[in-house]
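Step one of this worksheet: look at the structure below.
The values are calculated or read from the model by the stated rules, or taken from the named source; none is laboratory data. Quick caveat: nothing in here was measured; it's all calculated off a predicted structure. Glycine gets a Cβ as well: all are built from the backbone with ideal geometry, and neighbour counts include every protein chain shown. Each accessible area value is taken on the protein alone, full model and side chains, heavy atoms only, with ligands, DNA and RNA left out. Shrake-Rupley method; radii C 1.70, N 1.55, O 1.52, S 1.80 Å.
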Amino acid sequence: MEEKELTEVSEASTGAAYAAHWQEEEYIHPKPEFIGQANMTDPDVFRRFSLENFPDCFKEFAEMLDWDQYWHTTLDTSDAPCWKWFVGGKLNASYNCVDRHLAKYKNKTAIHFVPELEEDPIVHITYQDLYKRVNEVAAVLRDFCGLKAGDRVTLHLPMTPELPITMLACARLGVIHSQVFAGFSGQACGDRIWDSGSRVLITIDGYYRGGKLLDHKANADVAVETAGAQGQTVDKVLVWQRHPGQNASAAPMVEGRDYFMNEVLKDYKGAIVEPVSMPAEGILFLMYTSGSTGKPKGAQHSIGGYLAYVTAMSKWIQDIHPEDVYWCMADIGWITGHSFIVYGPLALAASTVIYEGVPTYPDAGRPWRIAEELDVNIFHTAPTTIRMLRKAGPDEPAKYNYKFKHMTTVGEPIEPEVWRWYYNVVGRGQAAIVDTWWQTETGGFLCSTVPALCSMKPGSAGPGVPGIHPVIFDDEGNEVPPGEGRAGNICIRNPWPGLMQTIWKDRDRFVSTYFGKYCKNPDSKDWRDWPYMAGDAAVMSKDGYVRILGRVDDVINVAGHRLGTKEIESAALTVDAVAEAAVIPVKDELKGTVPDLYVSLKPGFEASKELEEKISGAVSAVLGKIARPKRVHIVPDMPKTRSGKIMRRILSAISNKGDVGDVTTLANPDIVESIRVQVQGG
Ligand code: 6R9
């Protein structure tokens, strides 16, 4: 069933070959068993969602939801490029994710909560339980906190069911939630409270991570202080308890400000709050992007457009049916969790799994034990986790009895080597894989294969999903035709309902960041003049599949040749001993920049000069001498964020002898100094 196609990427014809002279392209077809049960098997979908049928094609997404009132205008472009979708329509997101399922599915599990400690029982929350809990929390927010539609609330919650329950309670009232990743510091949370103008903060006393009960409430005190110093007063802090009735935090409760949620809830037992009928163009939530430079920007997502988009993506690309047990191992503190743990799966009445802790706790077999126990059949994670599981337990999946029909990879480019392990070992060569490329800003997927309709190509995200029309532009704004092998800036030609409405309180930054470079006419109200620039470099092959090379600043220009850092990392991963690889551009007198390569090894392998040579040689062999790393550093571990992304910024500071900056929010801050000593000496 597997075909190989060799596409020549000729340096002579492209001027700047981005990678190899020969780029291997392998197609792997989905299995008939998957196709037979899939939600989207109609090849005509791509015609129906062609630009000729834009924007009306997107009505099909909106029709997956229940509306209180239908829209009169599918797309309003009068405030370009702040597009308005389904104008005139009214709906409620909480109703769509909870109430509408009660008639058919009230006794079905909505959320399986898996505590990190394996001895603690898994909690199964039915749709009826979810309905009850969401209503009670909504009553607290409305009647105890005085919150109403349009107000902002900051959540600083970890991976427990209280997080989606609180989100849905906000949505029920039309209150805008702004969830801050629990691994972020109190100060980072405070900055976001201030920016969003929240006067209520919802947190928890503690949660488990790596086997330890962390004190989380202490962060709330710092957050409130930080926001206060900038002029935003928080008058109420609601504190969930990880173990109701027992305080997991040493931080004192501030009289008149801090309240244990479980105590307040006692007065709201059985409360029912009618879902507020909201305009489609109302705001569902803010999601601040990591904000490595400048102040964090709040991506502002709509109710109708966003929910329609994530529901359709969950149905067609994630292939979620109500009877599926779906596990996305991301954190709800990131966009992936909002769209593909909470809103999309619940809108489709699926059972969604929430796992509290670290994927490798207490060992690398944990995810597969959970999959076996809960009968998970759809699995969703990021390359960094896949690499970690492959490194720590390459043979673990085979020990457990589970069966995935579908798997997702998201968040960074995946090396074909790693993709193949995911496919063969985790998916047992049976599951369809989608490599979904998208962003916080885009609400849902941009490029991915439709799993029953398209073949998979390891390392490529795929073509635009139905309704998304990607294009690659060079720096001058000329289109780079598919199949040329030249990298450029990937843009989307058309608006779509999941795209953020704007950056909260910063329309100018929204317009300049995403449209500034390629807008054809800033006065135009025609969407054709406003391609969306994602900020990623990509190559499109002649079949329209897109290979993402990384952020625009992740492309290394070595002596005029564009090299994707990911291409080099993939090459390094072809050496058996290598578990993870990260490439850093380092200034070079002759070549402008050259790649510095950091690698960590699989268990059982030792660092040596010979191995460094071997890795370096492999990179030259796969990509050509131009890509040969200046140095290969074999390090004990990579510096990583709490969400598992390798912090290239820190490696770059070490390679380029700069300031590593604040490393306290890393998962493993101690590694930074040992790498620095290793690379720079003393
Ligand atoms: C969903 C999410 C967005 C950036 C994006 C790109 C990278 C995401 C990817 C991918 C290659 C994929 N990215 N998915 N790169 N292949 N399948 O991760 O959102 O945290 O905002 O990150 O992540 O560089 O621009 P976000």
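Structure data summary
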{"read-out": "Accessible-area composition of the chain, carbon plus sulfur, in percent [1.4 Å probe]", "value": "50 percent"}
{"read-out": "FRET E, pair Ser277, Glu33, Förster distance 51 Å, beta-carbon r, rounded to 0.05", "value": "0.75"}
{"read-out": "Length-normalised contact order for the chain - Cα pairs under 8 Å, 6+ apart - percent", "value": "13 percent"}
{"read-out": "In segment 178-270, the trypsin sites (Lys or Arg not before Pro) that fall in loop regions by DSSP, at most 12 other Cβ within 10 Å", "value": "Lys269"}
{"read-out": "Inter-part distance where segment 626-682 and segment 361-401 are each reduced to a Cα centre, Å", "value": "27 Å"}
{"read-out": "Orientation-averaged projected area, Cα convex hull of segment 126-276 (nm²)", "value": "8.5 nm²"}
{"read-out": "Added length on full extension, which subtracts the Cα-Cα distance from 0.36 nm per residue, Asn401 to Met253", "value": "48.7 nm"}
{"read-out": "Potential extension, Asp662-Asp120 segment - 0.36 nm per residue separation minus Cα distance", "value": "191.6 nm"}
{"read-out": "Net charge, Gln241 excluded, C-beta distance under 10 Å - Lys, Arg +1, Asp, Glu -1", "value": "-1"}
{"read-out": "Modelled FRET efficiency - R0 60 Å, His72 with Glu610, Cβ distances, 0.05 increments", "value": "0.30"}
{"read-out": "Entries of Lys236/Lys269; Lys297/Lys640; Lys542/Lys657 with Cα pairs more than 31 Å apart", "value": "Lys542/Lys657"}
{"read-out": "Estimated 222 nm signal from helices in the chain, with DSSP H stretches of n ≥ 4 weighted -39500 (n - 2.57), rounded to 500", "value": "-7000 deg cm²/dmol"}
{"read-out": "Dipole of segment 126-276, positive end: most advanced residue of Leu163, Gly228, Leu130 [Cβ charges, Cα centre]", "value": "Leu130"}
{"read-out": "Percent breakdown of C-alpha pair distances by 10 Å bin, ordered from the shortest bin, for segment 179-240", "value": "25, 55, 17, 3"}
{"read-out": "Lys602/Val677 FRET efficiency (R0 30 Å; Cβ-Cβ; nearest 0.05)", "value": "0.80"}
{"read-out": "Gap separating the Cα centres of segment 232-277 and segment 427-492, nearest whole Å", "value": "43 Å"}
{"read-out": "Over segment 350-470: Rg over Rh, Cα atoms, Kirkwood Rh", "value": "0.96"}
{"read-out": "Extreme residue, positive dipole direction of segment 597-682, given options Ala627, Ile615, Gly661 (C-beta unit charges)", "value": "Ala627"}
{"read-out": "Helix runs (DSSP H) in the chain reaching 24 Å along axis by Cα, Kyte-Doolittle at least -0.5", "value": "none"}
{"read-out": "Mean projection area, nm², convex hull over Cα of segment 559-681", "value": "7.6 nm²"}
{"read-out": "Alpha carbon centroid spacing (whole Å) that separates segment 523-547 from segment 46-79", "value": "20 Å"}
{"read-out": "Met647 - accessible surface, heavy atoms, 1.4 Å probe, Å² rounded to 10", "value": "40 Å²"}
{"read-out": "Label point distance in nm, Asp526-Ala392, each placed 7 Å from Cα along Cα→Cβ", "value": "5.4 nm"}
{"read-out": "Estimated distance in nm for a label pair at Glu372 and Asn424, the labels positioned 7 Å out from Cα along Cα-to-Cβ", "value": "2.3 nm"}
{"read-out": "Inter-probe distance in nm under a simple model that places probes 7 Å from Cα toward Cβ, at Arg48 and Asp576", "value": "4.9 nm"}
{"read-out": "Global geometry of segment 319-381, whether rounded, prolate or oblate, following the gyration tensor of its Cα atoms and the 1.5 cut on a/c", "value": "oblate"}
{"read-out": "19 Å Cα-Cα reach of Lys108 towards lysines, excluding residues that sit fewer than 8 places from it in its own chain", "value": "Lys132, Lys315"}
{"read-out": "Ratio of the Cα radius of gyration of the chain to 2.2 N^0.38 Å, where N counts its residues", "value": "0.93"}
{"read-out": "Label-reachable residues, segment 417-440, where backbone N falls under 16 Å from a point 7 Å from Arg551's Cα toward its Cβ", "value": "438-440"}
{"read-out": "Accessible area expressed per residue, the chain, with surrounding protein chains retained (probe 1.4 Å, Å²)", "value": "36 Å²"}
{"read-out": "Cα gyration tensor, segment 284-408 - rounded (a/c under 1.5), prolate or oblate", "value": "oblate"}
